[in-house]
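**Q** Take a look at this one; I'll ask things after.
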Amino acid sequence: MAAPSRFKVIFKGRADHSGTTPMDMRKDALVASAQLIEYVETVCRKFSSMARGRVVGTVGAMKIEPGVINAVPGRAELSIDIRSTSAQSKDKVAKMVKERAEQIALKRDIGVKVLNIRAENPVPLDRRLLRVTRTLCDDKRIDYEIMPSGAGHDAMQMAKITPAGMIFIPSRRGISHNPLEWTDPGDIALGAQLLMETMIRVANENL
């Protein structure tokens, strides 16, 4: 199960009038942010293969000041989420992003601050539970795929105190965290049935 490293990057430039400030005199915090956002996508794509830990990166929130159309942005705050099933790859990419923020700020002669929010380690799920669930799928001829979870779930915490596993069911076009998210009721029922039978078999085998 993948784990996140989350941090904020704050660029501090100088707010100026958008009409009277020449381009070569600007200290635009938002332009610096745009360069870093593009870098997050670029570096995460380089580490996106399964062999490199399937790293993903998201700049999910941004605050801009003064936030008006007629002023050069003097301050920009980015919230960055880097995730991977490999702690080494995740930490490496997070370090690269932070270093690039420093480089961008230096080149543009503006300030930058990095605030770490949290960093967690990937959590392996129980292979015995995987074996039971996979056997049930084979017995019932249910199509399945063994895959890592890119999202954090309660199982991430439960795995610290007890064997944990997860059963995913398909969502249309893989869309999640979106009003368009949709899972067929038949798949929901099948997933619930598989979960119940997994629990019964685990209890009977006293795993």
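**Q** Rounding to the nearest 20 debye, state how big the charge dipole of the chain is about its Cα centre with +1 on each Lys and Arg Cβ and -1 on each Asp and Glu Cβ.
**A** Working: 32 positive and 24 negative charges, 143 e Å.
In debye, rounded to 20, the chain gives about 680.
**Q** Let me ask you something else. May I ask you to evaluate 6.51 cos²θ - 1.76 cosθ + 1.60, the Karplus curve with θ = phi - 60°, for each residue of region 64-71 and list the ³J(HN,Hα) values in order in whole Hz, giving x for glycine and proline?
**A** So the J values, rounded to whole Hz, are 10, 10, x, x, 10, 5, 9, 9.
**Q** I need S33, S79, S49 ordered by Cβ neighbour count within 10 Å, fewest first. Working shown, then result.
**A** Details: S33 24, S79 16, S49 11.
The order, fewest Cβ neighbours first, is S49, S79, S33.
**Q** Would you tally the net charge around A189, using a Cβ to Cβ cut-off of less than 15 Å, leaving A189 out, and scoring K and R as +1, D and E as -1?
**A** -2
**Q** Can you list residues from other chains, or at least 5 along the same chain, whose modelled amide H is less than 5 Å from the amide H of A15?
**A** Hits under the 5 Å cutoff: G74.
**Q** Right, another one. Select one label from (i) 19.2, 62; (ii) 22.5, 77; (iii) 16.3, 52: the one whose number is Rg and Dmax of the Cα atoms in Å as derived from the coordinates shown.
**A** Given (i) 19.2, 62; (ii) 22.5, 77; (iii) 16.3, 52, the calculated one carries the label (ii).
**Q** Using the Karplus curve 6.51 cos²θ - 1.76 cosθ + 1.60 with θ = phi - 60°, work out ³J(HN,Hα) for each residue of region 7-18 in order, rounded to whole Hz, and write x for Gly and Pro.
**A** Rounded to whole hertz, the list is 7, 10, 10, 10, 9, 10, x, 8, 6, 9, 5, 6.
**Q** Taking neighbour Cβ counts within 10 Å as the exposure measure, how do D187, D109, D143 sort from fewest upward?
**A** Values: D187 13, D109 9, D143 6.
Ascending Cβ contact count within 10 Å gives the list D143, D109, D187.
**Q** Which Cα, out of S48, V93, F168, lies furthest along the positive dipole direction of the chain (beta carbon charges, K/R +1, D/E -1)?
**A** The Cα lying farthest towards the positive end belongs to V93.
**Q** By count of other Cβ within 10 Å, fewest leading, how are M62, M25, M166 ordered?
**A** Numbers: M62 13, M25 10, M166 20.
Sorted ascending by nearby Cβ count, the order is M25, M62, M166.
**Q** Could you work out the longest stretch of the chain that avoids the trypsin sites (Lys or Arg not before Pro) located in DSSP loops with at most 14 other Cβ atoms within 10 Å?
**A** Details: sites that count: R141, K160.
Counting only loop sites that pass the neighbour cut-off, the longest clear stretch is 1-140.
**Q** May I pose another question? List every residue whose amide H lies under 5 Å from the amide H of A71, counting only residues 5 or more places away in sequence or on a different chain, with H placed 1.01 Å from N in the peptide plane.
**A** Under 5 Å from the amide H of A71: S18.
**Q** Please tell me the relative contact order of region 3-119 in percent, rounded to the nearest whole number, where contacts are Cα pairs under 8 Å and at least six residues apart.
**A** Details: 242 pairs, mean separation 50.4, N = 117.
Across region 3-119, relative contact order equals 43 percent.
FYI, it's all coordinate maths here, none of it is from the lab. Just so we're clear, the structure is a prediction, and the values are computed from it rather than from any experiment. Reconstructed Cβ throughout: ideal geometry from the backbone, glycine too, with neighbour counts over all protein chains shown.
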